[in-house]
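**Q** Submitted below is the structure of interest, expressed as structure tokens.
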Amino acid sequence: MSVDAADTPAITAEAAQDRAAPASPAPRHELAAVDPATAPTSPAAPASAAAEALVVGGLQPFTTIDYPGALAAVVFVQGCPWRCGYCHNPQLQPRVKPAEAAGPGWAALRPWLARRVGLIDAVVFSGGEPTLDPALPAAMAEVRAIGLKVGLHSAGIYPQRLAAALPLADWVGLDLKAPPADDTAHDRVTGVRGSAAALRRSLALLAASGVAHECRSTIHPALHDDAALLAMADALAAAGVADWALQICRPPKGSTLAPVGAGWPAAGLVERLRARCARLILRDPA
């Protein structure tokens, strides 16, 4: 799909949901591409060789659900080391070279985004796991330089890289996979041993950063019993996180997870979770 700057970006597959986004994760989007031959040049777009190394797996030109209260474009960064069983974007998991990625290069996106100023409010970097890419801070800085807000979806996989990105972010959606203190439960969701330790460090960094944020969780009864959900709520309250978004898992084709029946989580459990959270957000199935 080619996007010309003279066109108003179309909403593509916005009703489909993927990550507990909002990241979180989080919504699922059709991946669109910008054709370098049709992307206009703009003197307002600052150039950075570092940003051009960003490996872009796809683009959502226009969304109302990935940055709270803002119209945004979503840049999907290629690569993620975790293997969550409910992931709807497995094509974004492998880390590839920029020329092998399905999305447009940053050199094509840069002028296109500059021409979106006034049409959108923000650019959200999602994935995959965007903090995996060393070029992320440079790309975020370019977006800020043209006057757009910067959103970031992350699972907290790389705490040090998240710390470097936080000063450049206006809002962050952090995926919470399981109770932070439960290493076994976290590993069962991500498919990677020891994954909870990184999440704990990232959650502490985000809570202390002063950057607006929410935590998001895609939940399934086979992965999250009542005790796990209550422990997640308690952990977020203890960390000072005000907003927690829950989405019922909609297993993708080929998943070993069974479809979630109606009525889960039970109304009584939802009320117990609400009592622990400053703001509990229930979103459509993901």
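The values are calculated or read from the model by the stated rules, or taken from the named source; none is laboratory data. Predicted, not measured: the structure shown is a model, and the values here were computed from it. Here Cβ is always computed from backbone atoms with ideal geometry, including for glycine, and neighbour counts include all displayed protein chains. Accessible surface areas use protein heavy atoms only, side chains included; no ligands, DNA or RNA. Shrake-Rupley method; radii C 1.70, N 1.55, O 1.52, S 1.80 Å.
**Q** Net charge near Gly79: determine it from the other residues with C-beta under 10 Å of the C-beta of Gly79, scoring Lys and Arg +1 and Asp and Glu -1. Please list the in-between numbers first.
**A** Details: positive: Arg95; negative: Glu129, Asp133.
Net local charge, Gly79 excluded: -1.
**Q** At 1.4 Å probe size, with the rest of the protein present, what percent of the exposed accessible area of the stretch 131-217 is carbon and sulfur atoms? Don't jump to the answer; show the numbers that get you there.
**A** Details: 1680 of 3060 Å².
Here it works out to 55 percent.
**Q** So if the hydrodynamic radius of the stretch 217-264 is defined as the Kirkwood radius over C-alpha pairs, what does Stokes-Einstein give as its diffusion coefficient at 10 °C and 1.306 mPa s, in µm² per second?
**A** Details: Rh = 12.0 Å.
It diffuses with D of about 132 µm²/s by this estimate.
**Q** Separation between the Leu71 and Ala222 pseudo-spin-labels, each 7 Å from Cα along Cα→Cβ, expressed in nm?
**A** About 4.1 nm, to one decimal.
**Q** Using mean Cβ contacts within 10 Å as the protection proxy, how do 263-270, 71-78 order, highest first?
**A** Values: 263-270: 11.9, 71-78: 25.4.
Output ranking for 263-270, 71-78: 71-78, 263-270.
**Q** While we're here: Alpha carbon centre of the stretch 209-227 versus the stretch 244-286: separation in Å?
**A** Measuring centre to centre over Cα atoms gives 9 Å.
**Q** Assuming 0.36 nm per residue, please report the length gained on full extension of the stretch Ala278 to Ala208 beyond their Cα-Cα distance.
**A** Details: separation 70, 0.36 × 70 = 25.20 nm, distance 1.72 nm.
Stretched out fully, the Ala278 to Ala208 stretch lengthens by 23.5 nm.
**Q** Based on the mean of other Cβ atoms within 10 Å per residue, sort peptides 53-61, 207-215, 92-100 so the most packed one is first.
**A** Highest mean packing first, the order is 53-61, 207-215, 92-100.
**Q** Figure the gain on full extension for Ala99 and Val270 (residue separation times 0.36 nm, minus the Cα-Cα span) and round it to one decimal in nm. Walk me through the intermediate numbers first.
**A** Values: separation 171, 0.36 × 171 = 61.56 nm, distance 4.60 nm.
Difference between extended and current length: 57.0 nm.
**Q** Using a probe radius of 1.4 Å on heavy atoms only, what accessible surface per residue do you get for the stretch 147-195? Whole Å² is fine. Let's see the in-between values first.
**A** Working: 1810 Å² over 49 residues.
Normalised by residue count, the accessible surface of the stretch 147-195 is 37 Å².
**Q** Taking the Cα atoms of the stretch 165-286 alone, what are Rg (to one decimal) and Dmax (as a whole number) in Å?
**A** 14.3, 41
**Q** In what sequence, highest mean first, do 232-244, 150-162, 176-188 appear when ranked by Cβ atoms within 10 angstrom? Please report the intermediate quantities before stating the final value.
**A** Details: 232-244: 18.6, 150-162: 25.2, 176-188: 20.2.
Result, highest mean Cβ count within 10 Å first: 150-162, 176-188, 232-244.
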